1. Please verify whether GLU160 is at pLDDT below 95, out of contact with any Pro (no Cβ under 8 Å at 6 or more places or on another chain) and not in a helix (DSSP H, G or I), treating the condition exactly as stated.
2. May I ask you to list the residues in segment 140-157 that are surrounded by 10 or more Cβ atoms within 10 Å (Cβ to Cβ) and either hydroxyl-bearing (Ser, Thr, Tyr) or modelled with pLDDT of 90 or more (or both)?
3. Output the residue which, of all residues in segment 82-114 that are of a type in the set (Phe, Trp, Tyr) and modelled with pLDDT of 95 or more, is nearest to ARG72 (Cα to Cα).
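The values are calculated or read from the model by the stated rules, or taken from the named source; none is laboratory data. The model shown is predicted, which means the values in this text are computed figures rather than measured ones. Note: ideal-geometry Cβ built from the backbone for every residue, glycine included; neighbour counts use all protein chains shown.
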Amino acid sequence: MTNNTFREPVKERSEPLDEMLERAETDAVAKANTKAKADAAANAKANANAKAKADAAAKADSPENASATFFRKLFTEGVVSKEAATRALPFVVYLCALGMFYIGNSHMAETNIRNIDKLNKEVSELSWQYKALKADLMFKSKLTEVAKKVDTLGMKALIEPPKKIVVNR
């Protein structure tokens, strides 16, 4: 059952309608200013991000970062997938081991060559020393040199030939 006789009284407005409209208008202007400031900040941030991306792109075009960019694009753009790289990993490890073996072998060969050169120099020095000693010995074993050395001991060389002793039995 509805009772039309009972109604709530309408509240009286405490401020005039013009003041309410003026306050609503200033609130709308304030909101618009706040929104404009937020938009300006967002645009500034977007411009800064765009500038940073442009700087990064310019820096990426420099020769120092060209290889890093190349490899990053190579692996991220799907030219070489992760699965393909994983499948190729044993072969890559084999190539690395082969390369290390090759480097070690070349170092060992260079060490051996150095040792051979050192031994060749030592052999040639010993050969020169042998030849010098042999020449000195040949000189000192001459008859005249031996006679000079023996003369200091009081011995003299024979003037007449030696006599042959014959024994008869």
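1. Yes, satisfied.
2. Within segment 140-157, LYS140, LYS142 qualify.
3. TYR94
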